[in-house]
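The values are calculated or read from the model by the stated rules, or taken from the named source; none is laboratory data. What you see is a predicted model; the values in this text were computed from it and never measured. Positions of Cβ are backbone-derived with ideal geometry, glycine not excepted, and every protein chain shown enters the neighbour counts.
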Amino acid sequence: MGLIINKYCSITPHKVCVDGLKIFDINDQQSLEKSLVQTYRNLELEYPKFFKMDNLSKLAILASECLLKNTELYKIADKGNVALVLSNASSSLVTDSNYHLTIDDPKNYFPSPSLFVYTLPNITIGEICIKHKIYGENIFFVSEHPDASALYVYVNELFERTNTEYCIAGWVECNVNTYEAFLLLVGKGSNGDTFDVKTIDNLYNTK
Amino acid sequence: MKVVYNITDNIISSLGFTTDENMASISQGRSGIELHTDEFCIPEYFQASLVAHEKLDDYFRRFADVSRYTFFERMIILSVYEAASRTNVDLSSPETLFIISTTKGNVYLLDPEHTHEFDIERVNLWSSANEIASFFKNQNTPVVVSQACISGVSAILAAKMYLESGEYKHVVVTGGDMLSKFIVSGFQSFKALSPHRCKPFDALRDGLSLGEGAATIILGIDNEDYLPSDSISIKAGATSNDANHISGPSRTGEGLYRAIMNTMKGDDASGLAFINAHGTATVYNDEMEAIALSRAGLEHVPVTSLKGYIGHTLGAAGLIETIISSHSLLNGQLINCLGFTSLGVSKNIQVITEPRRFEADECLKMVSGFGGCNAVVLLKKYS
């Protein structure tokens, strides 16, 4: 039995898609913050912590919700065998810059702990794990572009050598101009798209 | 059976620019943590372990152009260069992969004081990683792991995966972090820094001491029967999230407990000579680690923290402390927990107070970090 892609989803400021099908449009004439909130409302999510998060973590929470909703995993209380492998290009750079504004001016020096805590890209993993009670293997990679072959090798080994039964893997990128999430739910099985480099690239490019 | 093993390593810290210099300083009980009152234009003073910048540049100048690389990159390049000088591993080979561990890389370039120094693109971790890999003429896209304070151990575990996949013969796991206004002010805003030199697991501990540094481990893979004598292998490891809080350690040590159990996979602890804990000396971290060790049935295993020597070196911590643990396994000598006097956690863990000999051939290295992440690696000595 090989690895398959059970489900995948993508979120941009324009639209949200699940398994390649658009589930709704988003008004792209608004700020990134507002379009994330619109996505939250459209997904009928009730999770007040969402509003405390920076844009990158908001995006990660929305994408994980799209991916896991209506799956058998969603109902399992303790997800000890679910791994998370996320990546992006900008790390937490938007929040890093916002945090820096609180320390730039010596006359107005008030370093903000609530911003500082979001100046790490793996906070996205923490937020997803808290929301869905996920305790499996986790790692955050930074690469200039989504790197399907690096992802493929790593995820394959996770299934091969750890307790991993499912893996949430993909790309959660947020910069000053735009954002983009693309997540896969990888599992063991034979009914579904094969988890390989070509398929990952295809799904990403046609999302 | 094929095993992943350490071919050579290097540590750059306040205590020296080679692994041997660092080991020698530690065996003499030296700490690199000092009081800094006028550093980085930060109004409050702080304790930290800083790398000697001018001395590092003197070394760097012997083989490369100082002006082309940021200090973060210079530390890492020197570290890889020094490690590689003692092996014949071809760093430029397509079968060699670079994995770079860091939390904040060149974030200091966001400071208006420094923005003009380099192309601002260099603030991206992938861009900085490309510069490092290119210096060694490596053509593979470097893998960057950025996972708060567990980055170093996560990078080692990722290297093990990439080697076991058969895609690469060697992995250069390197990484580091430099201190800056950004990092120091952030930890101050959390009230996480101690006004004193940090005291891991102690009753009077009141926060961490920051540190900067870089480290490199060049890993290979071979049949266990063919390993060079006195090799350290990366036997096993695991990561797990607390799924509890993004900035506070779990009160039950959940993620760390699971990472330990998934690493030990039912092995008993009789082979463990010691545990090298994260031991940051914050009230909650050290208590969380004690709880996780107790739940895992490891209260009786000698435990130490290296933070009193070199501070918390962030993205370098997992690498530096794994290397020091490896050399401790090789020389058979426990390292005492500098700064510790009397037990200040709720479980009866055995904190090491004097350097004594041991016979066992395995140890655990644990790390935990913001985002609720935890990682554990099991090292084994092959004689």
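A compact table of results
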quantity: Selection count, segment B:261-303, where residues are in contact with a Pro (Cβ under 6 Å, 6 or more places away or on another chain), under 18 Å from B:THR353 (Cβ atoms) and of a type in the set (A, V, I, L, M); calculated: 1
quantity: Condition met for B:ASP222 (surrounded by fewer than 24 Cβ atoms within 10 Å (Cβ to Cβ), of a type outside the set (Gly, Ala, Ser) and at negative phi); calculated: yes
quantity: Any hit, segment A:136-150, residues being free of Cβ contacts under 8 Å to residues at least 12 places away in the same chain, out of contact with any helix residue (DSSP H, G or I) (no Cβ under 6 Å at 6 or more places or on another chain), at the interface with chain B (Cβ under 7 Å from one of its Cβ atoms) and not in a helix (DSSP H, G or I); calculated: no
quantity: In segment A:99-110, the residues that are facing chain B (nearest Cβ under 8 Å) and either touching a Leu at 6+ places or on another chain (Cβ under 6 Å) or modelled with pLDDT under 95 (or both); calculated: A:TYR99, A:HIS100, A:ASP104, A:PRO106, A:TYR109
quantity: Extreme residue, surrounded by the fewest Cβ atoms within 10 Å (Cβ to Cβ), among residues of segment B:284-313 that are among the hydrophobic types (A, V, I, L, M, F, W, C) and not in a loop (DSSP other than H, G, I, E, B); calculated: B:ILE291
quantity: Selection from segment B:118-137 of residues that are crowded, with 21+ Cβ neighbours inside 10 Å and within 22 Å of B:PHE63 (Cβ to Cβ); calculated: B:SER128, B:ALA129, B:ILE132, B:ALA133
quantity: All positions within segment B:79-117 that are crowded, with 19+ Cβ neighbours inside 10 Å and farther than 22 Å from B:GLN139 by Cβ; calculated: B:GLU82, B:THR103, B:LYS104, B:ASN106, B:VAL107, B:TYR108, B:LEU109, B:LEU110
quantity: Count of residues meeting criterion [loosely packed, with under 13 Cβ neighbours inside 10 Å and of a type outside the set (D, E, K, R)] in segment A:21-62; calculated: 7
quantity: Subset tally (residues that are modelled with pLDDT under 95 and either among the polar types (S, T, N, Q) or within 16 Å of B:MET178 (Cβ to Cβ) (or both)) for segment B:10-47; calculated: 5
quantity: Subset of segment B:263-278 [touching a residue at least 40 places away in the same chain (Cβ under 8 Å) and either within 12 Å of chain A (Cβ to nearest Cβ) or of a type outside the set (Val, Ile, Thr) (or both)]; calculated: B:THR263, B:MET264, B:SER270, B:GLY271, B:LEU272, B:ALA273, B:PHE274, B:ASN276, B:ALA277, B:HIS278
quantity: Residue satisfying condition, being under 23 Å from A:TYR154 (Cβ atoms), more than 9 Å from chain B (Cβ to nearest Cβ) and within 16 Å of the chain's Cα centre (by Cα), within set A:ALA63, A:ALA89; calculated: A:ALA63
quantity: Residue check for B:ILE217: of a type in the set (A, V, I, L, M), surrounded by 24 or more Cβ atoms within 10 Å (Cβ to Cβ), assigned by TED's automatic domain parsing to the domain that holds B:GLY29 and in a strand (DSSP E or B); calculated: yes
quantity: Checklist (1) within 10 Å of chain A (Cβ to nearest Cβ); (2) assigned to a helix (DSSP H, G or I) applied to B:VAL80, failing item; calculated: (1)
quantity: Enumeration of residues in segment A:121-135 that are in a loop (DSSP other than H, G, I, E, B) and surrounded by fewer than 24 Cβ atoms within 10 Å (Cβ to Cβ); calculated: A:LYS133
quantity: Qualifying position, being in contact (Cβ under 8 Å) with a residue 12 or more places away in the chain and either in a strand (DSSP E or B) or within 14 Å of chain A (Cβ to nearest Cβ) (or both), among B:ALA281, B:ALA259; calculated: B:ALA259
quantity: Criterion (in contact with a Cys (Cβ under 8 Å, 6 or more places away or on another chain) and β-branched (Val, Ile, Thr)) met by exactly one of B:ILE150, B:ILE132; calculated: B:ILE150
quantity: Pair list, Cβ < 9 Å and 6+ apart or interchain, from segment B:145-162 residues that are aromatic (Phe, Trp, Tyr) to residues that are assigned to a strand (DSSP E or B); calculated: B:TYR162/B:LEU97; B:TYR162/B:ILE99; B:TYR162/B:VAL143; B:TYR162/B:VAL171
quantity: Tally, over segment B:1-43, of residues that are small (Gly, Ala, Ser) and not in a loop (DSSP other than H, G, I, E, B); calculated: 5
quantity: Number of positions in segment B:151-200 that are more than 9 Å from chain A (Cβ to nearest Cβ) and basic (Lys, Arg); calculated: 3
quantity: Residue, farthest from B:GLU167 (Cα to Cα), within segment A:166-181, restricted to residues that are more than 13 Å from chain B (Cβ to nearest Cβ) and surrounded by fewer than 22 Cβ atoms within 10 Å (Cβ to Cβ); calculated: A:ASN177
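Condition check ((1) in the same structural domain as B:LYS307 (by TED's automatic domain parsing); (2) of a type in the set (D, E, K, R); (3) under 30 Å from B:SER31 (Cβ atoms); (4) without any contact (Cβ under 8 Å) to a residue 60 or more places away in the chain) across all residues:
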{"position": "B:GLY213", "(1), (2), (3), (4)": "no, no, yes, no"}
{"position": "B:THR239", "(1), (2), (3), (4)": "yes, no, yes, no"}
{"position": "B:ALA243", "(1), (2), (3), (4)": "yes, no, no, no"}
{"position": "B:SER250", "(1), (2), (3), (4)": "yes, no, yes, no"}
